[in-house]
């Protein structure tokens, strides 16, 4: 319940006190009060409204001890009197507070936490803290970072927001599009870290995937007319549907082509399809072409529609990657396109794309480049070259489970003298 309510609570309090630290303190005070009173008095009918009212009362007590905040005291006191007159303990949580209600406050908090003045690492940490409800220790464990480092990032992020006088508001016009890209990127990065952990021994960190998926769904409700919001949600829903099939009985990774598709979550797939349809409709309403997240969601949907791996429409996937490269060019997109081309047109065609990417030097040190190249070489029967590529990929990855997968592929190629493989995705 706290994970669900805390972002709304902090958002509403930030609008009133204009201070993230103070809002967090008041929210935590309300949580402590709930832990003390609810076991004794019972859980109120509307826990969110109870927490908001309690936090506001604590805010009034705090402000009364500080004459500098006398003006804010009158504001809080007046709002509390109105709330008490309306039986605030039973009011819907979404109506707590004026100026558009909690949902507007939450949207403002999203844009503050993901403001471009912050570094990518700071945005990730602050978003998980304020909107994901995670503790500093949980964020540190999720990203295999020291807790003091995460704590410093959060503190510096708050100081930066205060120093730059970042307004607690939703941007408009061209600035909205620019800032929204930052918001979506943060949610996307959180999901990716959970889906394929950068380092450590775990192949996945499902908790991060769940947090990112929840944030994407919140954004859908807050920004229903934005095509890429639905595109991102569609992508995460479909990707998350494979989670159970991506891990084998021994906890090791299972590649996309080897997964038991009966274990894919059909509910998440259908949610993803629905979100993709909303993304397409929103884009058509604006007369716009699909954006990068919608295109990636369309690629994921192609896999989801294939009952068997051999039913996959690789030609369509290659076309979608070509379209993605046109709107969001990157060497990683080209590497993924190489996989699709290799499946649709044969390993020689895919290898030609990979070699162009390798020649650019843009992915030097990226373990998936030799991994994909090794798979294509193995399919061409060039076993010695494939083994060298898998060995190089295993040496580059920082994830223990992925390293074990690459070493297994190396052993398979060595034993078979070539042959096909499971690919490098999932």
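Throughout, read-outs are computed from the coordinates displayed, never taken from laboratory work. Since this is a predicted model, take the numbers as computed values, not measurements. Backbone-built Cβ (ideal geometry, glycine too); neighbour counts: all protein chains shown.
Details
- Near-label residues of region 108-148 by backbone N, under 15 Å of a point 7 Å along Cα→Cβ of residue 166: 108-132
- Rounded tilt (10° steps) of 70-85 against the dominant C-alpha axis of the chain: 90
- Fully extending the segment from residue 152 to residue 366, taken as 0.36 nm per residue of separation minus the present Cα-Cα distance, adds 74.2 nm.
- Packing-based ranking of 226-232, 14-20 yields 226-232, 14-20, ordered from highest to lowest mean Cβ neighbour count within 10 Å.
- Helix axis angle, 400-416 relative to the chain longest principal axis, alpha carbon, degrees: 10
- Estimated inter-spin distance, residue 198 and residue 316, nm [label 7 Å along Cα→Cβ]: 3.5
- With neighbour counts taken as other beta-carbon atoms within 10 Å, the residues 410, 131 rank, fewest first, as 410, 131.
- The calculated FRET efficiency for residue 4 paired with residue 356, based on their beta-carbon distance and R0 = 41 Å, is about 0.30.
- For region 139-189, the gyration tensor built on C-alpha atoms gives an oblate shape. Its axis ratio a/c (a ≥ b ≥ c) is at least 1.5, and a/b is not larger than b/c.
- CD proxy at 222 nm, helix term only [per DSSP H run n ≥ 4: -39500 (n - 2.57); per residue of the chain; nearest 500]: -23000 deg cm²/dmol
- Convex hull volume per residue for the chain, taking Cα atoms only, in Å³: 161
- Relative protection proxy for 354-362, 5-13, from highest mean packing down: 5-13, 354-362 (other beta-carbon atoms within 10 angstrom).
- Multiplying the residue separation of residue 309 and residue 37 by 0.36 nm and subtracting their alpha-carbon distance yields 92.5 nm.
- In this simple spin-label approximation, residue 178 and residue 217 carry label points 7 Å from Cα along the Cα→Cβ vector, and these lie 3.3 nm apart.
- Efficiency of FRET between residue 159 and residue 266 - r from beta-carbon atoms, R0 60 angstrom, step 0.05: 0.85
- Taking region 343-375 and a reference point 7 angstrom along Cα→Cβ of residue 384, the backbone N atoms nearer than 17 Å belong to 374.
- Put in order of Cβ neighbour count within 10 Å, fewest first, the listed residues 209, 114 become 209, 114.
- Which of 165, 158 has the fewest Cβ neighbours within 10 Å, and the rest in rising order: 165, 158
- An oblate overall shape is assigned to region 116-257, the ratio a/c of its alpha-carbon gyration tensor axes (a ≥ b ≥ c) being 1.5 or greater and a/b not exceeding b/c.
- Prolate/oblate/rounded label for region 217-270 (Cα gyration tensor, a/c 1.5): prolate
- Helix axis angle, 147-163 relative to the chain longest principal axis, alpha carbon, degrees: 60
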